[in-house]
Each structure stands twice: as structure tokens, then as C-alpha cells.
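For reference, the structure is listed below as C-alpha cells.
The values are calculated or read from the model by the stated rules, or taken from the named source; none is laboratory data. Since this is a predicted model, take the numbers as computed values, not measurements. We place every Cβ from the backbone using ideal geometry, glycine too, and count neighbours over all the protein chains shown.
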Amino acid sequence: MNVLIFLGKGGGGKTVTTINLAVVAHRLGLSVGLLDADPQCSLSDWRHARGTADIPVRPCRPDQLEETLRLARRRNLHWLLIDMPPDLGTHTFAAVRAADLVLLPMRPALFDLAVTRQRVELCRTAGRRVAVVINAAPPRRENLESPLVRDARAALHNIGAGLWRGQITHRHCIPGALISGQGVAEVEPAGPAAAEYEQLWQAIVHNTQSWRISA
């Protein structure tokens, strides 16, 4: 079982990214489970709206993470995705140590940059692979990134983590899909939002040229 953990600032896109990547993996025929360790319980709300257990969601208090992870490994899942609380604590270290990859979705904004740097340092201390994804980004114009995204990439230079070469663009269809208990790849499978999540998933699975690794 591969364990993928989502860390970051509240409002940075942890839960939305978790759901949409889980949907992409599920559509590829992979067995995926979600752990909802964020006190807001947004994953659990999404599961209720979905109305089916094809992508199981289990609520989990942060102090239950180690035991819940141990039980999850018995289910023979291909992937377990964990939506973590925005705050740091001993539970964070326990979860990070169990991760195959820690993903840090962040908006291209000042406060997100500061939090991302803190989380990267935590993951490096734990000796785990960590990657940053720019989320809710302004759209490209003539295939060029917006100045906001370019500035964020420059600020993340030498952060000590993988930085995805793509971006998740801010689009209204993404929250619209969540309201109905779906992912954007189910609502608009041929659309550009689905394509971005699919590209991100392939980058996670293959971990090759889609990441710019900074020293």
C-alpha cells in the first residue's frame, strides 16, 4: 500500500486535491482509501454527498493515526490518501514517518509560502520525500504562467522539495463537482481541470521529469 499524505495551510487546497486525486486513481481501476484526519471533516462530508463507498472514507482523530494506519494496511489497498490537520503536532510526525510521499498543495500567496517552507523542513527532518503543488492558480495566458505563479516558483527556489512543473488552475467546476460528491474527472472527464489532476497523478506515480527538484 502506498501512503500519500497531504499537508499545508488551511484553505490551501489539501482536501480538494485529496478528493480529486482519489477520483482519478479510482477511475484508473486502483483501490483507494481516504483517511479524514482534519477536524473540519470535509472528506467525510464529501463521502456523505457521494452516497456510495466505492472510495471509502474513514474519519480519524490525529491521535488515532498510527493505529488506523496499521489497520488500513490489512485492507490491501493500492493507495491510502490522508488529509491532515493544518496544525502541527506529534501526530504530524507519526503520519509523515509512515508516508511514501508528502504532498503540499499551496496557493501562490505569501502566507502559503511561509507555511509550505515550515512543512518542507518538517518532512526533511523526518527523512521523507516531499513535493509542492501550486494550487488555485490564475489561468495561463498564451500558454504562459501568470506573474503570480512565476513569483511563487521563484520564492520556492532551493526550498529542498520537489516542485511540480504543472499547476492546478482555479476553476469553478472543481468546487461544483465536490458539492455533488464527485471529482472533476467524473463531472467533466474531457475538461482541462480533469487533465491537470490526471497529470499530477501521473507525476506522483512516476516521480520523473514532472518535478523540478531543488537543492
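Quick notes on this one:
To keep it simple, each residue is scored yes or no on (1) over 22 Å from G11 (Cα atoms); (2) crowded, with 21+ Cβ neighbours inside 10 Å; (3) within 15 Å of the chain's Cα centre (by Cα).
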{"site": "T125", "(1), (2), (3)": "yes, no, no"}
{"site": "V133", "(1), (2), (3)": "no, yes, yes"}
{"site": "R141", "(1), (2), (3)": "yes, no, no"}
{"site": "R153", "(1), (2), (3)": "no, no, no"}
{"site": "G191", "(1), (2), (3)": "yes, no, no"}
{"site": "L200", "(1), (2), (3)": "no, yes, yes"}
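- Out of A154, A161, one residue alone is of a type in the set (G, A, S) and over 24 Å from P85 (Cα atoms). It is A154.
- Test: residue in the stretch 65-75 that is within 23 Å of V130 (Cβ to Cβ) and within 14 Å of the chain's Cα centre (by Cα): no
- Hey, P105 farther than 23 Å from V187 by Cβ, in contact (Cβ under 8 Å) with a residue 12 or more places away in the chain and out of contact with any His (no Cβ under 6 Å at 6 or more places or on another chain) or not: no
- Number of positions in the stretch 14-47 that are touching a Phe, Trp or Tyr at 6+ places or on another chain (Cβ under 9 Å) and either of a type in the set (G, A, S) or at positive phi (or both): 4
- Residues (small (G, A, S) and either assigned to a helix (DSSP H, G or I) or over 18 Å from the mean Cα position of the chain (by Cα) (or both)) located in the stretch 161-182: G176, A177, S180
- For the stretch 97-123, filtering for residues that are under 21 Å from V57 (Cβ atoms) and either surrounded by fewer than 23 Cβ atoms within 10 Å (Cβ to Cβ) or of a type in the set (F, W, Y) (or both) leaves 3.
- Being closer than 26 Å to L28 by Cβ and within 16 Å of the chain's Cα centre (by Cα) is a property that holds for V102.
- Residues being of a type in the set (A, V, I, L, M, F, W, C), within 16 Å of A185 (Cβ to Cβ), assigned to a helix (DSSP H, G or I) and in contact with a helix residue (DSSP H, G or I) (Cβ under 7 Å, 6 or more places away or on another chain) - total across the stretch 4-48: 7
- Just one of (1) crowded, with 21+ Cβ neighbours inside 10 Å; (2) of a type outside the set (V, I, T); (3) modelled with pLDDT of 90 or more; (4) under 24 Å from W46 (Cβ atoms) fails for L77. It is (1).
- Within the stretch 65-89, the residues that satisfy the criterion of being in a helix (DSSP H, G or I) and free of Cβ contacts under 8 Å to residues at least 12 places away in the same chain are E67, R70, L71, R74.
- Residues in the stretch 49-64 that are assigned to a loop (DSSP other than H, G, I, E, B) and either closer than 27 Å to E186 by Cβ or at pLDDT below 85 (or both): 7 in all.
- The stretch 1-30, subset at pLDDT 95 or above and among the small types (G, A, S), residue farthest from the chain's Cα centre (by Cα): G29
- From A131, A185, A154, residue being under 24 Å from V102 (Cβ atoms), in a helix (DSSP H, G or I) and modelled with pLDDT under 95: A154
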